[in-house]
Amino acid sequence: LAGGLSANVYWYMFTLLFQGLFMAYWNILLMSTYHTMIPNEIFGRIHGARRTLVWGVMPIGAYLGGLLGTIDLALPLIVGGLGALLVAGSQAKFIATIRA
């Protein structure tokens, strides 16, 4: 969201740097949580199903982002950022219940 609302290329590069750092941090936390919560016997199947869903939906997101980009190049970032905020906000109560 911050990248889509950035006023110039320098602020955008700054937000892109933090986006990459936070994505790496999120992936580490996510995989650590998976290894903690999912039994070894079914881990491969669950991880495979997750990857299939995630990678299968990416072309749809890319297409929709391309359509939004024809209107305004910042629009896909703004819509994606707002969508991520809505998803995270809707799951905040559940995330708070997870104990390590």
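The values are calculated or read from the model by the stated rules, or taken from the named source; none is laboratory data. These figures come from a predicted structure and were not determined experimentally. Methodologically, a virtual Cβ is constructed for each residue, glycine included, from the backbone with ideal geometry; neighbour enumeration extends over all protein chains shown. Protein only, heavy atoms only, side chains kept; ligands, DNA and RNA dropped before computing areas. Shrake-Rupley method; radii C 1.70, N 1.55, O 1.52, S 1.80 Å.
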Among residues of the stretch 68-100, those that are open to solvent by 90 Å² or more (accessible area, probe 1.4 Å), out of contact with any helix residue (DSSP H, G or I) (no Cβ under 9 Å at 6 or more places or on another chain) and not in a helix (DSSP H, G or I), counted = 2
For residue 43, state whether it is open to solvent by 100 Å² or more (accessible area, probe 1.4 Å) and assigned to a helix (DSSP H, G or I).
-> no
Being of a type in the set (A, V, I, L, M, F, W, C) and closer than 25 Å to residue 32 by Cβ is the filter here, so list the residues in the stretch 54-85 that pass it.
-> 54, 55, 57, 58, 84, 85
Quick one: residue 7 ticks every box in (1) of a type in the set (Gly, Ala, Ser); (2) surrounded by fewer than 10 Cβ atoms within 10 Å (Cβ to Cβ); (3) touching a helix residue (DSSP H, G or I) at 6+ places or on another chain (Cβ under 8 Å) bar one, so which box is it?
-> (3)
Looking at (1) loosely packed, with under 12 Cβ neighbours inside 10 Å; (2) assigned to a helix (DSSP H, G or I); (3) at pLDDT below 90, find the lone condition where residue 33 falls short.
-> (1)
Taking the residues in the stretch 1-19 that are in a loop (DSSP other than H, G, I, E, B) and within 19 Å of residue 79 (Cβ to Cβ) as candidates, determine which candidate is nearest to the chain's Cα centre (by Cα).
-> 1
Where a residue in the stretch 53-65 is under 13 Å from residue 80 (Cβ atoms) and its partner, wherever it lies, is β-branched (Val, Ile, Thr) and surrounded by 10 or more Cβ atoms within 10 Å (Cβ to Cβ), with Cβ under 9 Å and at least six apart = 64/79; 65/79
